[in-house]
Amino acid sequence: MIVRNNSFENNAMIPKKHTGFGADLSPELILSDIPEETVSLAIILDDLDVPWKKNFSHWIAWNIPNTEIIPEGLPKGAKIERPINACQGIGWGKNCYRGPKPPFFLKKAHRYVFHVYALDTELTLSGNSKKKELMDAMQGHVVAETELTGLYKNS
C-alpha cells in the first residue's frame with residue numbers, strides 16, 4: 001500500500017494551510033495498492049520530535065471506508081459523515097486533525113508522520129479513545145500499513 005498527496009512530497013515541508021499557523025486542514029491522502037481484504041482504514045499522525053513526549057499524536061481516525069482518496073479538510077467531531085464517514089479520537093486534545101504547530105522556541109524541523117493502516121474490520125471505539133486504545137483495537141487486524149512524512153519548522 002502506498003500513500004501520497006498533492007500538497008507535499010515525502011520528507012518535504014508541509015504547507016502552512018495544513019498547520020495550526022494556517023487553516024489547519026487535514027491534507028488529502030491518496031492511497032494505492034490497497035489490499036482486497038481491506039474493510040476500513042485508520043490514520044495516526046505523530047510528531048516524532050517533541051522533546052518532552054515521544055511520538056506526540058496530532059490526529060487519530062478510524063473506520064474510514066476502503067477508499068483511494070481521503071479528502072482534504074475533514075471536519076471536527078468524534079463521528080463525521082461528510083465528505084466521508086470516519087471516527088476521530090482524541091489526538092492533540094480534540095476530536096479532529098490538528099496540524100503542526102510547534103512552540104515558537106522549538107526551532108528544529110519536526111517530522112510529522114501520517115501512518116495509514118488497512119484493516120480487515122471496522123473498530124468499536126468511543127470518541128474519547130486515544131492512540132493507545134486505537135493501537136490495541138487494531139492488533140491482529142492490520143493487513144497493510146504505509147506512511148508519509150512531512151516536515152515543519154518555525155521560521
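The values are calculated or read from the model by the stated rules, or taken from the named source; none is laboratory data. Bear in mind that the values here come from a model prediction, so they are computed numbers and not experimental data. A quick note on method: Cβ atoms are made from the backbone with ideal geometry, for glycine too, and the neighbour counts reach across all protein chains shown. Note: accessible area is taken over every heavy atom of the protein model, side chains too, but ligands, DNA and RNA are not part of it. Shrake-Rupley method; radii C 1.70, N 1.55, O 1.52, S 1.80 Å.
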- [ ] Treat every Asp and Glu Cβ in the chain as -1 and every Lys and Arg Cβ as +1, leave all other atoms uncharged, and give the resulting dipole magnitude about the Cα centre to the nearest 20 debye.
- [x] 1100
Task: the chain, accessible area per residue, ligands and nucleic acids excluded (1.4 Å, Å²) - done: 51
Task: Fraction of accessible area attributable to carbon and sulfur, the chain (%, probe 1.4 Å) - done: 49
Task: Span from the the range 133-155 Cα centroid across to the the range 51-122 one, whole angstrom - done: 9
TODO: For n ≥ 4 DSSP H runs only, could you compute -39500 (n - 2.57) per run for the chain, divide by its residues and tell me the 222 nm figure to the nearest 500?
DONE: -1500 deg cm²/dmol
- [ ] Given the peptides 90-97, 62-69, arrange them by the average over their residues of other C-beta atoms within 10 Å, most packed first.
- [x] 90-97, 62-69
